[in-house]
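Step one of this worksheet: look at the structure below.
The values are calculated or read from the model by the stated rules, or taken from the named source; none is laboratory data. All of these numbers come straight from a predicted model, not from anything done at the bench. Positions of Cβ are generated from backbone atoms using ideal geometry, with glycine treated the same way; all protein chains shown enter the neighbour counts.
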Amino acid sequence: MASTHLKPEKTTEAADSSARSLPRWLLYIGGGVVLLALLAFLLLRMRPPELHGMVLQSPQRATDFTLVSSSTGEPVSLSDLRGKYVMLYFGYTFCPDVCPTTLADLRMMAQDLSDKEMEDVQVVMVTVDPERDTPERLGEYLGFFDPRFLGMTGPLDEIIAASTQFGVYFEYNKVEGASEYLVDHTSTITLIDPDGYARMIFPYGTPGADLAEDLRYWMKR
């Protein structure tokens with residue numbers, strides 16, 4: 001029994017002796033590695049994200065405008081959407097390619113975000129073709145992409161005034177040999193924050209996943 005009690009004491013003494021025999025410089029290196037790893041982790045957390053849209057430094061809130069809602073047929077103002085992140089797009093329902101593609105990207109964004117996150121987001125399409133885009137047509141068209149999307153229409157001069165501040169330009173072009181016309185227009189999306197400030201512009205073709213990623217960045221600020 002006596003020899004059994006002596007063995008742990010020898011083992012412990014050997015371990016203590018081994019620890020004391022480690023070179024001091026080796027202990028310093030080990031501590032330095034841990035410190036560098038911690039600093040790298042903190043730098044990664046602090047590094048600005050790689051955003052996909054162009055960040056705006058708006059000194060003032062976006063100028064308010066009031067048009068007709070595709071959901072109710074009643075007047076609705078941009079300021080009515082305060083408290084939400086507004087993804088604002090100017091387009092039209094007869095658009096053959098750019099608008100359906102952009103709305104499909106916005107639909108993918110909405111699918112990428114959770115239902116909870118989408119409660120704080122409102123996609124808005126203001127028509128640049130009010131002669132043909134009635135509230136009913138806008139509502140039906142946007143419903144094909146996502147019933148939560150909101151359309152706005154109204155007098156042409158008011159739409160021009162609303163679009164100009166966001167750098168949106170459009171013009172009508174008659175289709176040769178047809179009674180219809182097309183509308184050439186700027187195809188960017190503007191992100192307006194819950195306080196009414198324009199924060200980002202997304203170029204045409206920004207994937208839905210990238211739109212969702214940038215939105216989450218602003219939501220977490």
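Considering (1) out of contact with any Leu (no Cβ under 7 Å at 6 or more places or on another chain); (2) over 30 Å from Glu119 (Cβ atoms), the lone condition that Val175 does not fulfil carries the number (1). For the range 64-91, the set of residues classified as in a loop (DSSP other than H, G, I, E, B) and either of a type in the set (Asp, Glu) or under 19 Å from the mean Cα position of the chain (by Cα) (or both) consists of Asp64, Glu74, Arg82, Gly83, Lys84, listed by residue number. Residues in the range 82-106 that are within 23 Å of Met54 (Cα to Cα) and buried (at least 18 other Cβ atoms within 10 Å of the Cβ): Tyr85, Val86, Met87, Leu88, Tyr89, Phe90, Gly91, Cys99, Thr102, Leu103, Asp105, Leu106.
For the range 187-209, which positions are within 14 Å of Val55 (Cα to Cα) and within 12 Å of the chain's Cα centre (by Cα)?
Selection gives Ile189, Thr190, Leu191, Ile192, Asp193, Arg199, Met200, Ile201, Phe202.
Residue pairs whose Cβ atoms lie under 9 Å apart, separated by 6 or more positions or on different chains, with the first residue in the range 60-74 and in contact (Cβ under 8 Å) with a residue 60 or more places away in the chain and the second assigned to a loop (DSSP other than H, G, I, E, B) and exposed (fewer than 13 other Cβ atoms within 10 Å of the Cβ), are Arg61/Asp195; Ala62/Gln165; Thr63/Gln165; Phe65/Gln165; Leu67/Pro155; Val68/Glu74. What are the residue pairs meeting all of these: first residue in the range 77-90, first residue in the same structural domain as Pro203 (by TED's automatic domain parsing) and in contact (Cβ under 8 Å) with a residue 12 or more places away in the chain, second residue charged (D, E, K, R) and outside any helix (DSSP H, G or I), Cβ atoms under 8 Å, and 6 or more apart or on different chains? Filtered contacts from the range 77-90: Ser77/Asp64; Leu78/Asp64; Ser79/Asp64; Arg82/Asp195; Gly83/Asp120; Lys84/Asp120; Tyr85/Asp120; Tyr85/Asp193. Of all residues in the range 169-221, those satisfying the criterion of being in contact with a Gly (Cβ under 9 Å, 6 or more places away or on another chain) and among the aliphatic types (A, V, I, L, M) are Val183, Ile189, Leu191, Met200, Ile201, Leu211. Contact map, the range 146-161: residues that are not assigned by TED's automatic domain parsing to the domain that holds Leu103 paired with residues that are surrounded by 13 or more Cβ atoms within 10 Å (Cβ to Cβ) and part of a helix (DSSP H, G or I), Cβ distance under 9 Å, separation 6+ or inter-chain. No pairs are found. Applying the condition of being acidic (Asp, Glu) and farther than 16 Å from Val183 by Cα to the range 104-136 and asking which residue is farthest from the chain's Cα centre (by Cα) yields Glu136.
Of the strands (runs of 3 or more DSSP E) entirely within the range 153-221, those holding at least 2 residues that are closer than 16 Å to Val121 by Cα occupy 189-192, 198-202.
Residue pairs whose Cβ atoms lie under 8 Å apart, separated by 6 or more positions or on different chains, with the first residue in the range 44-58 and under 13 Å from Tyr217 (Cα atoms) and of a type in the set (A, V, I, L, M) and the second at pLDDT 50 or above and not in a loop (DSSP other than H, G, I, E, B), are Leu51/Met200; Leu51/Asp214; Leu51/Tyr217; Val55/Arg199; Val55/Met200.
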